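Participant: Next up is a structure, given as structure tokens.
Every number here is computed from the coordinates shown, using simple stated rules; none is lab data. Note that this is a predicted model, so its numbers are computed, not measured. Reconstructed Cβ throughout: ideal geometry from the backbone, glycine too, with neighbour counts over all protein chains shown.
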Amino acid sequence: MLYSLIKLVGHRDLGFILGLVVVFNLAIGSLVMNIYTDLYPPFFPFDLNYFFDPVRIEHSWLYALIITFTLYGINLSACLIESAVELIQSKSQRLHRTAALLIHLALLLTMGAHLVDGFYGQTQHGVISQEGVLIPGIGLVRTEYIENIQHPDGSLKDTKVGLKIERANGEKINQTIAYNEPAIFDNGEWEIIIQSGENKVRGFIIKSDNSGQEISLTTEIAKQVGSGSVTLQGMINTQMGPFAQLTWQAEDGTTETKIIALTTTAGRHSSLTLGQEVFQFKELTYRPMAAVMVRYNPAILLIALALFISTIGLIMLKPVWWRREH
């Protein structure tokens, strides 16, 4: 009686129908996500907890998908039990039945891995710069450089970002990431995925005409120059080119606003007098900044196990294919 019920629940036709319903649910979900772009923004994280906090009518496709997946999992489990019983009772085609058993098991593990990742995985979005960002699970991550590679027509082809990583155990790693080339840690549990990168202007360098001294200026950071200090207040682009505004504070406490053209060609405002010294603009300084997505997948070992088991199953099926072809 129980075995008959298992055979009924694990019927292959029922599994085929449930598989079609899963595909239908995914298609509906794709349409809903394209319609409600505020709910499902670009680079939407794979986080099933989002769909339940709060529960919304727009998420109905996901709730239906989970129910269908549950029924499909029950169907696969029953089919797995049936395959195990047939393997024990049968004295022929044992290789074929063992392969079928392994493939069913791999499917169940894959479905379970997706649920574990969906409910317990994490997705973070952030920006990494030269100053560094502490990412839990990975360590302190800094950007060293950003290289935007373009097509001949000028459109963006790829973005490469050099990362300098210091892990919690003291290990130091240099890694380059690009589109479709994430940085992978701990056997794939953690990933840093590039979304975009840009070299943003951080400030500029001025050089003394007299001593040759070079001073790097960044916004709102005072730098000592001779008997006073200079602070970069900001930079702006105009029709005449880029300019910067600075504040000079002399030793006696008096302040003065200074303007310098951020160009290497001689012209009006191209020089800057600070105390007794005259400086010229030398070059801009850049701050490489990368927008990234950090993924934590606790089910990576389950996925690897499912892949290994399914591979063994397919290898065991090869003699069956070979006999049919020859």
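Participant: What percentages, rounded to whole numbers, describe P(r) for region 196-258 computed over all alpha carbon pairs with 5 Å bin width beginning at zero?
Facilitator: In whole percents, the pair-distance histogram is 4, 15, 23, 23, 18, 9, 4, 2, 1, 0.
Participant: Taking springs between alpha-carbon atoms closer than 10 angstrom, which of Ala290, Ala183, Ala27 fluctuates most in the Gaussian network model of the chain?
Facilitator: Ala27
Participant: Can you work out the PRE-style zone for Glu220? Point 7 Å along Cα to Cβ, and I want the residues of region 228-263 with backbone N under 15 Å.
Facilitator: 231-235, 247
Participant: Right, something else. Modelling each spin label as a point 7 Å along the Cα-to-Cβ direction, I'd like the Leu115/Glu277 distance in nm, to one decimal.
Facilitator: 6.9
Participant: Another question about this same structure. Treating only the Cβ of Lys, Arg, Asp and Glu as charged (+1, +1, -1, -1), what charge dipole size does region 176-229 show about its Cα centre? Round to the nearest 20 debye.
Facilitator: Values: 4 positive and 8 negative charges, 93 e Å.
So the magnitude is around 440 debye.
Participant: Considering the dipole of region 202-285 built from charges on the beta carbon (Lys and Arg +1, Asp and Glu -1) around the Cα centre, which of Gly241, Ile215, Leu262 is farthest to its positive end?
Facilitator: Value computed over the given set: Gly241.
Participant: Using the Cα atoms of region 155-222, I'd like the radius of gyration and the largest Cα-Cα distance, Dmax, both in angstrom.
Facilitator: According to the Cα coordinates of region 155-222, Rg and Dmax are 18.3, 57 Å.
Participant: Sticking with this one: Determine the calculated [θ] at 222 nm for the chain from helices alone, applying -39500 (n - 2.57) to every DSSP H run no shorter than 4 residues and normalising by the residue count; nearest 500 deg cm²/dmol. Mind dumping the intermediate values first?
Facilitator: Working: 5 runs with 115 residues, N = 326.
Computed mean residue ellipticity for the chain: -12500 deg cm²/dmol.
Participant: How far apart, in nm, are two points set 7 Å out from the Cα along the Cα-to-Cβ line at Asp53 and at Ala250?
Facilitator: In this crude label model, Asp53 to Ala250 measures out at 6.0 nm.
Participant: Listed highest first by mean packing, meaning other Cβ atoms within 10 Å per residue, what order do 242-252, 297-307 come in?
Facilitator: Details: 242-252: 15.3, 297-307: 17.5.
So the order, starting with the most tightly packed, is 297-307, 242-252.
Participant: Could you order peptides 150-161, 66-77, 105-116 by the average number of other Cβ atoms within 10 Å of their residues, highest first?
Facilitator: Values: 150-161: 12.0, 66-77: 16.4, 105-116: 18.0.
Output ranking for 150-161, 66-77, 105-116: 105-116, 66-77, 150-161.
Participant: Applying a 10 Å radius around every beta-carbon, put 125-132, 227-234, 170-177 in order of their mean neighbour count, most first.
Facilitator: Ranked from most to least packed, the peptides come out as 227-234, 125-132, 170-177.
Participant: While we're looking at this one, here's another question. Give me the net charge for the shell around Ile193: Cβ to Cβ below 11 angstrom, other residues only, Lys and Arg +1, Asp and Glu -1.
Facilitator: On the way: positive: Arg295; negative: Glu181, Glu191.
Summing Lys and Arg as +1 and Asp and Glu as -1 gives -1.
Participant: Mind checking which aspartates and glutamates have their C-alpha under 15 Å from Lys200, skipping anything on the same chain fewer than 8 residues away?
Facilitator: Within the straight-line cut-off, Lys200 pairs with Glu131, Glu144, Glu147, Glu283.
Participant: Continuing with this model, one more query. Debye calculation, C-alpha points only, no solvent: report log10 I(q)/I(0) for the chain at q = 0.08, 0.09, 0.11, 0.16 Å⁻¹, in the same order as the q values.
Facilitator: -0.64, -0.74, -0.93, -1.29
Participant: Given the convex hull over the Cα atoms of region 225-267, what projected area results after averaging over all orientations, in nm²? Can you show the working numbers first?
Facilitator: Working: hull surface 14.1 nm².
Dividing the Cα hull surface by four gives the mean projection, 3.5 nm².
Participant: Find the Rg to Rh ratio for region 82-133, where Rh is the Kirkwood radius over alpha-carbon pairs and Rg uses the same atoms. Spell out each step's value before the answer.
Facilitator: Details: Rg = 21.2 Å, Rh = 14.6 Å.
Result for region 82-133 is an Rg/Rh of 1.46.
Participant: Give the Kirkwood hydrodynamic radius (Å, one decimal) of region 96-210, defined as one over the mean of 1/r across all pairs of different Cα atoms.
Facilitator: 17.7
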